[in-house]
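The block underneath contains the structure these notes are about, expressed in structure tokens.
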Amino acid sequence: MSGSRQYPDDPSGPFPAPPTTIEDREDRPIEIRAVGSFAEGALEDVVEMYLAFDPADRAQGIPPTGESRIRNWLETIGEDSVNVVASHDGDAVGHAMLVPDTDDPSAIENNAEIEWELAIFVLQAYQQAGIGTVLLENLLGHAAEIGIERVWLTVERWNNPAIALYERVGFESTGTESFEQEMAILLDPEG
Amino acid sequence: MNVLLGLGGSDESVKTLRRTIERTTDVGDDLTVAIVDKPESKRSQDEMCQQAREALDEAGLEDRPVEKLEGDPGSALVDYAEQGEYDQLVIGGGTLSPMGKIQLGPITEFVLLNAPTTVKLVR
């Protein structure tokens, strides 16, 4: 799988990096922060968010439903993932993450050598308030800071709002297309 | 029921084969296994044919045929399904991305949209 994807010729960025606090379109203060790994309560915040997530907004089987499946999913991808969380009044309302596309994450010496898969979820009550864009930009800014260069994702082909959001920050469609559209972005290691 | 199982040469195909053999043994379905030509996959078409034959024989299904299909995998499989009296076409039901997203490839999409029969995706 690795190394087979088409990336844009030119890098995108620079992107803002966490921590930051923004005011969303509903005048709510939203705190954006990077979470190193799912330690010290950070996992609990995100589990709570996914428990409140409307299953109708799931994409390609994630997030799963039910607490044990949600925990299992986050723990499986959690150890080596890169996470940025958006919070309002101390509760997680958005989560964006990168997961390394490798069979052996322990062998990662240089983040630039591997490709990272991106996913982003925002709670329904906080959608269409500009949080997704800020969360996405801050994840990419944080990724560039830690030396990640190649990021890809898949999105359901009919999900035009999501595709437009990804294009706005610099993602381009790769050749691969079926029910899912694959997209990729190149980050500038200088930030 | 008369079942046509379409396989490439991936690990997903091997799992689909195993699950379909279990089902066939349980209910006594008629079964034809068709191996498509996917040069990029892990196992060659010949290797996959042999693996399918051995798995069927081990399960006591020596009389269920294994066929090799040439050409574009999706259309070859749909053509083959149209020429037989099949009730169901079974294929692999997608791979998981590192994130855990289910991904259905272009062959799956072609078969789902074009097959004349019910299509079963095996997870």
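No value in this document is a laboratory result; all are computed from the given coordinates. It should be emphasised that the depicted structure is a prediction, and the values quoted were computed from it without experimental measurement. Neighbour counts run over all protein chains shown; Cβ positions are idealised from the backbone, glycine included.
How many nm separate the modelled label positions at A:E167 and B:E82, each set 7 Å beyond the Cα in the direction of the Cβ?
Distance between label points: 3.4 nm.
Considering the zone a paramagnetic label at A:E48 would reach in this model (a point 7 Å from Cα along the Cα-to-Cβ line), which residues of the stretch A:9-31 have amide N under 18 Å from it?
A:29-31
What residues from the stretch A:156-191 fall in the zone where the backbone N is under 14 Å from a label point 7 Å along the Cα-to-C-beta line of B:L121?
In the stretch A:156-191, the label zone of B:L121 (backbone N under 14 Å from the point 7 Å along Cα→Cβ) covers A:156-158, A:178-181.
Working out 0.36 nm times the residue gap between A:D57 and A:T21, then minus their Cα-Cα distance, what length gain in nm do you get to one decimal?
Contour length minus the Cα-Cα distance gives 10.4 nm.
Using bins 10 angstrom wide from zero, how does P(r) for the protein assembly as shown break down, in % of all Cα pairs?
Whole-percent P(r) values from 0 Å outward: 6, 24, 28, 20, 15, 7, 1.
Assigning unit charges at the beta carbon (Lys, Arg +1; Asp, Glu -1) and nothing else, what dipole magnitude in debye, to the nearest 20, does the protein assembly as shown show about its Cα centre?
On the way: 23 positive and 60 negative charges, 104 e Å.
It works out to roughly 500 debye.
What is the distance, in nm, between label points placed 7 Å from the Cα along the Cα-to-Cβ direction at B:E54 and at B:S75?
Spacing of the two 7 Å Cα→Cβ label points: 3.4 nm.
For the stretch A:20-186, report the convex hull volume of the alpha-carbon atoms normalised per residue, in Å³, without decimals.
Numbers: hull volume 19.7 nm³, N = 167.
Spelled out: Cα convex hull of the stretch A:20-186, divided by residues, is 118 Å³.
How far apart, in nanometres, would the label points at A:E79 and B:D30 be if each is projected 7 angstrom from Cα along the Cα-to-Cβ direction?
About 5.0 nm separates the two model spin labels.
Using only the alpha-carbon atoms, what does chain B span along each of its principal axes? Please give whole angstrom values in decreasing order.
Each principal axis gives a Cα extent; for chain B these are 38, 27, 26 Å.
Can you figure out the FRET efficiency of A:T65 with A:E156, using R₀ = 25 Å and their beta-carbon distance, to the nearest 0.05? Could the numbers behind the result be given before it?
Numbers: r = 18 Å, r/R0 = 0.72.
After rounding, the FRET efficiency stands at 0.90.
With just the Cα atoms defining each centre, how far is the stretch A:117-168 from the stretch B:40-114? Give it in Å.
Value for the Cα centre distance between the two parts: 35 Å.
Taking a cut-off of 22 Å between Cα atoms, list the lysines near B:K120, but don't count ones fewer than 8 places away on the same chain.
Within reach: B:K15, B:K38, B:K68, B:K101.
Arrange the following residues from fewest to most other Cβ atoms within 10 Å of their Cβ: A:W116, A:W158, A:W73.
Values: A:W116 24, A:W158 9, A:W73 18.
Ordered from fewest to most neighbouring Cβ atoms within 10 Å, A:W116, A:W158, A:W73 come out as A:W158, A:W73, A:W116.
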